[in-house]
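> Encoded as C-alpha cells, here's the structure I'll be asking about.
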Amino acid sequence: MNPKVDLYFIDGCGRCPLGATPECKVNNWQEEMKVLRTIIHDCGLTEELKWGVPCYTFRKSNVLILAAFKEYCAISFFKGALLQDSLNVLEKPGENTQAARSIKFTDVQTIVDMEPELKAYIFEAIEVEKAGLKVEMKKNTELVFPEELDDKLEEVPELKTAFEALTPGRQRAYVLHFSQPKQSKTRISRIEKCTAKILIGLGLNDR
C-alpha cells in the first residue's frame with residue numbers, strides 16, 4: 001500500500017480547512033474505506049495519491065477513485081458508464097454526468113456482503129482499460145477557458161475528458177470560478193482544489 005495514501009486517512013484530501021481535524025469527512029468513514037481499500041488491492045490495481053485522494057490505476061490508466069463525502073463514502077469509476085452494472089448500484093455523481101459512475105457506502109457490513117460483486121465490477125473496469133474503450137462525450141465549445149485551465153486539461157487527459165462530460169452549466173460555473181482571480185497562481189490553486197470533484201462528475205457546488 002502506498003504510504004502517501006496512508007496520510008490521506010490521517011489528514012484528508014487537504015482541499016479544505018477541515019483537513020487533519022476531527023471534522024474532516026475522512027474520519028466519518030475510516031472503517032468503510034479501509035475495507036474498500038483492501039478489496040481494491042486484491043484486484044491488483046496500483047495505488048496512487050492523485051488530486052488529494054486515493055486513485056487506483058491499471059498500466060498508468062486511471063480506473064477508480066476512493067473518496068469520503070459528508071453522508072457517505074464511495075468508489076467512483078472513471079468509465080463507469082461502460083460497465084454492465086448487473087446489480088444496478090452504479091449512480092451518476094451528477095444528473096447529466098456522462099462517464100463517471102459511483103457506488104456509495106454507509107456501513108462496513110454492506111461492503112463485506114458485496115465483496116465478490118464489487119470485485120467483479122473492478123475487474124470489468126480493468127477489462128475496459130485493457131480494451132482501450134472510451135466514453136463518447138458531448139462537448140461544449142462555447143466557453144473561453146483561462147490559460148491555466150487549458151494547460152491543466154492538456155496535462156491530464158482524464159481531467160479533460162471528465163470536464164467535457166460535465167453539463168454546460170457545471171462547466172460554466174467552473175470556468176467563471178477559475179477565471180475570477182487576477183493572479184495566475186490563485187487560478188492554478190483553484191483548479192487543483194477542484195480537480196478531484198471534476199474527475200468524478202461533480203459540479204462546483206455539489207457535495
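> Say the cut-off is 27 Å between C-alpha atoms; which of K152/K182; K92/K138; K92/K185 go over it?
Numbers: K152/K182 18 Å; K92/K138 16 Å; K92/K185 32 Å.
Check vs 27 Å cut-off fails for K92/K185.
> For F123 and L143, calculate 0.36 nm times their separation in residues minus their Cα-Cα distance, and state this gained length in nm to one decimal.
Values: separation 20, 0.36 × 20 = 7.20 nm, distance 3.70 nm.
Difference between extended and current length: 3.5 nm.
> Please compute the Kirkwood hydrodynamic radius of the chain from all pairs of different C-alpha atoms, in Å with one decimal.
Numbers: mean 1/r = 0.0573 Å⁻¹.
About 17.5 Å for the chain.
> Hey, another quick one. Among the lysines, which have Cα under 19 Å from the Cα of K4 when same-chain residues fewer than 8 positions away are ignored?
K4 reaches K25, K34, K50, K60, K193.
> Taking the mean number of other Cβ atoms within 10 Å as a proxy for protection, how do you rank 127-137, 66-76 from highest to lowest? Each step should come with its number before you reach the end.
On the way: 127-137: 12.7, 66-76: 19.9.
Those peptides, ordered most packed to least, come out 66-76, 127-137.
> Sort 191-203, 22-34 by packing, meaning the average of other beta carbons within 10 Å per residue, with the highest value first.
Details: 191-203: 22.4, 22-34: 16.2.
My ranking of the peptides, most packed first, is 191-203, 22-34.
> In whole angstrom, note down how far apart the Cα centers of segment 55-77 and segment 164-206 are.
With segment 55-77 and segment 164-206 each reduced to a Cα centre, they are spaced 19 Å.
> Provide the three semi-axes, in whole Å and in decreasing order, of the ellipsoid equivalent to segment 4-43 as defined by the square roots of 5 times the Cα gyration tensor eigenvalues. Write out the running numbers ahead of the final one.
Working: eigenvalues 86, 22, 8 Å².
That gives 21, 10, 6 Å for the three semi-axes.
Read-outs: derived from the displayed coordinates by stated rules, not from any lab. None of the values given here were measured: they were computed from a predicted structure. Using ideal geometry, Cβ is built from the backbone for each residue, glycine included, and neighbour counts are taken over all protein chains shown.
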